[in-house]
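To keep things clear, I will list the structure first and then write my remarks on it.
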Amino acid sequence: MAAMRRVWNLFRRNRVNDEIDAEIEAHIGMRIDENVAHGMTPEEARRDALLRFGNPTATKERVTAADATLGLDRAWFDVRYAWRQLMKSPGFTITAAATIALGIGANTAIFSSMDAVVLRPLAVPALDRVVVIAEQDQNGLRQVALANYEDWQRMSHSFEEMAVRTEASSMSLTGAGEAANVETTQTSAEFFPVLRTQALLGRVYGESECKQGRDAVAVLSYGFWRRQFASDPHVLGRQIVLAERAYTVIGVLPRTAQYPSYVDVFLPLAPTPQELADRTGRRYVATARLRDGVTVKQAQAEMRITGERLAAMYPAANQGMSVRVEPLLENVNGDLTPLYYKMVMGATLFVLLVVCANVANLQFARGIGRRPEIAMRTALGASRMRLMRQLLTENLLLGLIGGAGGVALAAVYLHLTLTTMPARVARYVAGWSNISLNGRGLLFSLVLAVGAGVVSGFMPALEALRVNLAGQLKAGSRSSIGSGHSRRLRSFFAGAQIAFAVALVIGAALMAKGMEAMLHLADAYEPGKVLTFSVDLPDTRYDTPQKQAAWYAASVDRLRALPGVTQAAVTTSLPYSDDTWMTDFEIENRPYVPGKFQSAQRIAVSDGYFAAMRIPILSGRKFTASDTADSVPVAVVSRGFVNRYFPGTDPLGHRIRLRRPEVRTPWLTIVGVAQETSYSLWDESRPAVVYMSTAQLPLSAATYVVRTAGDPLALAEPARKALDTLDPSLPIDSEMTMAHRLNDNLVGLEYVAAMLGIDAGIALLLAAIGIFGVMATLVGEQTREIGVRLALGARREDVLRMILQRAGWLTAAGLGAGLVLAFALAHGVANLLRGVRSDDPAVFTGIAVMIAAIALGSSWIPARRAARVDPMQALRSE
């Protein structure tokens, strides 16, 4: 009744019952007493009385308001009490909050980065409705032939709009400051409507400008506008010269328009009638927006039928080809980026679990010291539910404090992530510039904070309530001893910390080992001694193969004449660069069967390339200066090419012809076989390679390799000046060593390896702290038992052995569980990286021994303290 009177006074203070007169108050009071006498709880009695008297509707409203006021008052009281309790133990509060902040900060930062790069890389309305459509053969996905794309538009009904664009290509920019190479793409007018993209300044081009003679307009990307034009708002109407053709800037895209993320300038696609009729030149990318109600699966089914119809109508070009429809998001992300983030996110969540286990152990130790308080509150009438709510409130408040610290750590982490990523690499990662600690990241951190508070505090709170009331009240404020159940829980959490630490450390070690192996894949080519840079020849001045071949020959001669240069050559692809093209070819006197493709990577190189790159010629000869446009066209093939297409036969003297619809290629006589060389970091299959001579089949773009006796970068400026003497308006790009290029390709992997290493270090540190805490608490609880043992004649060495033996069992259990987790993680790492075994005995054994030593070492101090217990002092304290 006293509680009900307090509630009633609360009603009066909050003006909830101002309209209830004295007579109704008396009736309500009597009704409450009657209800309690008949077995109702005070709360039930109050509700019944208020609902029976007065205006029912008004009274229900008053009851609701009273309940809300009472609930808020209790919640506020719990928060204030929890804050006071945490402030009474500043050491515990700071340690636990800092530990939680570490876990939440790492998770929030990784989630924010993953949200920008993987989950929401493109600010495209209804992104799930936008798809990429590609042709596919037995060798995988291909780009689209323009004539097939035109038929798709006419024959399909699953799409609102369909657009096509070329792959990005580099073009020389002049007339806007210093000459430079910029990435451009040509798109159909539907490209911007498909993506629902509007211009930030000006406008985008329309259908009328995607025609021959009317296509001299350009739309700039936001990043290029900022870099090249310093965000000049008056850029509209300016002329820029790309590949010596003038274009008028008509628009600038917003920052959120990032597809493709690496493109600087968008140009209208104005195909010729011959290009529109071409079904074999698969060099276009098609995107489309699904109609409302149409799924990707339904669109795929329709396009499969369309592909079969086209294969039947045009068997020479389409036999064996199918059509693939996939969401744009999957196409943008690829396979590796989501996998990287999943690995890091999983590892970081492991760290958060280690954090929760660590804080739970701290809570267990603290709960033992609070048992006198809990016993006293229970004796004064507090229910178990009331005490549980109070203890969980403390843990939630602790989680929120840690969450606030975690947000600060996440902000620092994201800043470091953005500033350490090279700009030349970041531009190729869609969504990278959008990384920030936004509302979704803050909400994620709040969820983690609440979750960490509940997970780390629920079991300790339950255990704290397991109080023997009579025994604890008799003991008063003297030291309490945890139950066997409590010790088992603490041991479980400590073992879990060790298990997660084992998995993370082994995963990080395997990742580091794989990274080290991949960084040294190109060691045979001595990449640190090779200077590389790129040149793109404008079609207007280098419009014939003869002019292109003359440029390459003259430029290589100038570079070879520089002091310190040992070899110089030109190539369209470097080893491990992942920028080769697969080309179908035919072999003379072997019938070409439509749909049964013979494919190889095509690479154009100059004479001297094999010597410059240290690639041995196994048989025949390499390219020489005598291989010119007027001599017999020749080719050098890889050993893998011979094994696949000429098994048991000498390929020298045989002729092949590349099936390149954009260029009528001649028959090439095989004159040499080169050692197998991998041109992909990720594909270990090493496809067959056909090398062509740039003197006979030159291209407009190429990469130079300059081998030096000293520092390659010291030759960058002399090389630029040497080429300026040939054509001062020709921009030279990406001057760096080959080793630097390889490192750029592995930046994403380095990021993953670094994050796994940090996660592993945190987990290992927390695991060591956790097992130290468990053993220290155990020694503190068993001080009296140890004192009795010593008083009865036990040796101190026996006590030391007893404590270390318990620590050994705990460590062994954690190691066993951790090795199981580690095998699963190692399997994923082995599938991702070269040179990694999922059962690497050296890594597994070495890490297990190291963590066992750390765990047992962290138990040494509590064990020694136990062995030095003074028996008389221990017994006197009880």
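Observations, loosely collected:
- Spacing of the modelled spin labels on H234 and Q298, each 7 Å from Cα toward Cβ, amounts to 5.3 nm.
- S170 - accessible surface, heavy atoms, 1.4 Å probe, Å² rounded to 10: 40
- Burial ranking of peptide ranges 230-239, 119-128 (average Cβ count within 10 Å, highest at the top): 119-128, 230-239
- Working note: Karplus 6.51/-1.76/1.60 with θ = phi - 60° gives region 254-262 the couplings x, 4, 6, 7, 10, 10, x, 5, 9 Hz, where Gly and Pro are set to x.
- The simple Förster model, with R0 at 60 Å and r as the Cβ-Cβ distance, assigns T649 and R488 a FRET efficiency of 0.25.
- Largest accessible area first, the residues L756, L713, L699 order themselves as L713, L699, L756 under a 1.4 Å probe with ligands, DNA and RNA left out.
- Averaged over residues, the count of other Cβ atoms within 10 Å places the peptides 408-415, 542-549, 748-755 in the sequence 748-755, 408-415, 542-549, highest first.
- Shape of region 192-236, Cα gyration tensor, a/c cut at 1.5: oblate
- K529 exposes around 90 Å² of accessible area when a 1.4 Å probe is run over every protein chain in place.
- Accessible area, probe 1.4 Å, largest first, for residues D578, D215: D578, D215
- Per atom type, region 542-630 shows carbon and sulfur on 53% of its accessible surface, probed at 1.4 Å.
- Prolate/oblate/rounded label for region 703-776 (Cα gyration tensor, a/c 1.5): prolate
- For peptides 354-362, 253-261, 398-406, sequence by mean Cβ density within 10 Å, most packed first: 354-362, 398-406, 253-261
- Region 663-759 shape via C-alpha gyration tensor axes, a/c threshold 1.5: oblate
- Calculated P(r) tail over 18 Å for region 171-247, as whole % of Cα pairs: 42
- Spin-label model, D798/A754: points 7 Å from Cα along the beta carbon direction are separated by 5.6 nm.
- Centre-to-centre, using Cα atoms only, region 507-568 and region 294-309 are separated by 43 Å.
- Inter-site label distance for M155 and S436 at 7 Å from Cα along Cβ, in nm: 4.6
The values are calculated or read from the model by the stated rules, or taken from the named source; none is laboratory data. Nothing here was measured: the structure is a model prediction, and the numbers come from that model. Cβ atoms come from the backbone with ideal geometry, glycine included; neighbour counts cover every protein chain shown. Side chains included, ligands, DNA and RNA excluded: accessible areas come from the protein's heavy atoms. Shrake-Rupley method; radii C 1.70, N 1.55, O 1.52, S 1.80 Å.
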